[in-house]
Amino acid sequence: WMSIAGALLLFPPYSEAGPLGAMRVNLVQGDVQVRIADTGEWVPASVNMPLVEGDELWVPEGSRAALQTTKGDYVRLDEGTALQILRMDLDSYQFHLAEGRVYVLNRAPKRSVLQFDTPDASIRTFNRSTFGIDIADGETDVLVFRGTVTAENAGGSTRVRAGSMLILGSDGYAEI
């Protein structure tokens with residue numbers, strides 16, 4: 001019985017949420033704020049600040065921030081960006097991008113998933129990729145620099161390859 005209990009403690013289930021430190025603030029320029037999920041309080045972001053599910057970031061005008069996962073992914077947030085961390089699992093991260101612009105460098109292994117939900121769509125990448133998402137003028141623009149991403153909205157699913165840009169509207173509109 002001791003060896004079974006020891007094995008269970010050494011190898012936690014794969015569906016378990018990421019540990020504290022699975023994501024951290026990598027860069028802060030300006031007055032970046034973090035809403036702590038546990039307390040609901042807004043506090044100034046700081047470099048190396050650990051983030052957990054439910055935390056929200058606000059990057060006001062004249063500011064910038066970057067997040068880093070333990071898998072090697074980077075998410076850069078431009079001014080005027082509101083981002084919430086919805087989920088952190090062993091091999092996946094899910095965010096809600098309410099407004100603004102992010103630049104994503106996905107350097108994680110193949111089985112890893114990054115997902116960004118916007119007011120207009122859901123954007124996912126399953127492999128190494130580099131892309132940007134810009135929410136402006138009532139639409140979501142997805143520009144892929146490297147790799148591929150999949151975007152879904154009310155109009156269906158679209159795969160976007162490197163060198164392409166996809167424009168998505170809340171009414172299901174999609175155009176490459």
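Overview of results
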| read-out | value |
| --- | --- |
| Antiparallel bridges, percent of DSSP beta bridges restricted to the chain (to nearest 5) | 95 |
| Average accessible area per residue (Å²) across the stretch 121-167 - probe 1.4 Å, nucleic acids and ligands excluded | 45 |
| Solvent exposure ordering (accessible area, 1.4 Å, most first) of Asp31, Asp78 | Asp31, Asp78 |
| Residues of the stretch 17-111: accessible area per residue with a 1.4 Å probe, Å² | 48 |
| In sequence order, calculated HN-Hα J values of the stretch 146-152 (Karplus, 6.51, -1.76, 1.60; Hz; x Gly/Pro) | 8, x, 9, 10, 10, 10, 10 |
| Sulfur and carbon atoms: percent of accessible area, the chain [1.4 Å] | 54 |
| Ranked order, Arg124, Arg111 - accessible area, probe 1.4 Å, largest first | Arg111, Arg124 |
| Pairwise FRET efficiency - Ile36 versus Tyr173, Cβ, R0 = 35 Å, nearest 0.05 | 0.45 |
| Anisotropy class of the chain from Cα gyration tensor, a/c 1.5 cut | oblate |
| Charge sum, other residues only, whose C-beta stays under 9 Å from Arg128's C-beta, Lys/Arg counted +1 and Asp/Glu -1 | +3 |
| Dipole magnitude of the chain about its Cα centre (Cβ charges: Lys, Arg +1; Asp, Glu -1), debye to nearest 20 | 1040 |
| Exposed GluC sites (Glu not before Pro) absent: longest stretch of the chain, with sites in DSSP loops and at most 15 other Cβ within 10 Å deemed exposed | 62-176 |
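The values are calculated or read from the model by the stated rules, or taken from the named source; none is laboratory data. As the structure is a prediction and not an experimental result, all values here were calculated from the model. No Cβ is skipped: glycine too gets one built from the backbone with ideal geometry, and neighbour counts run over all protein chains shown. SASA here: full protein model, heavy atoms, side chains in, ligands and nucleic acids out. Shrake-Rupley method; radii C 1.70, N 1.55, O 1.52, S 1.80 Å.
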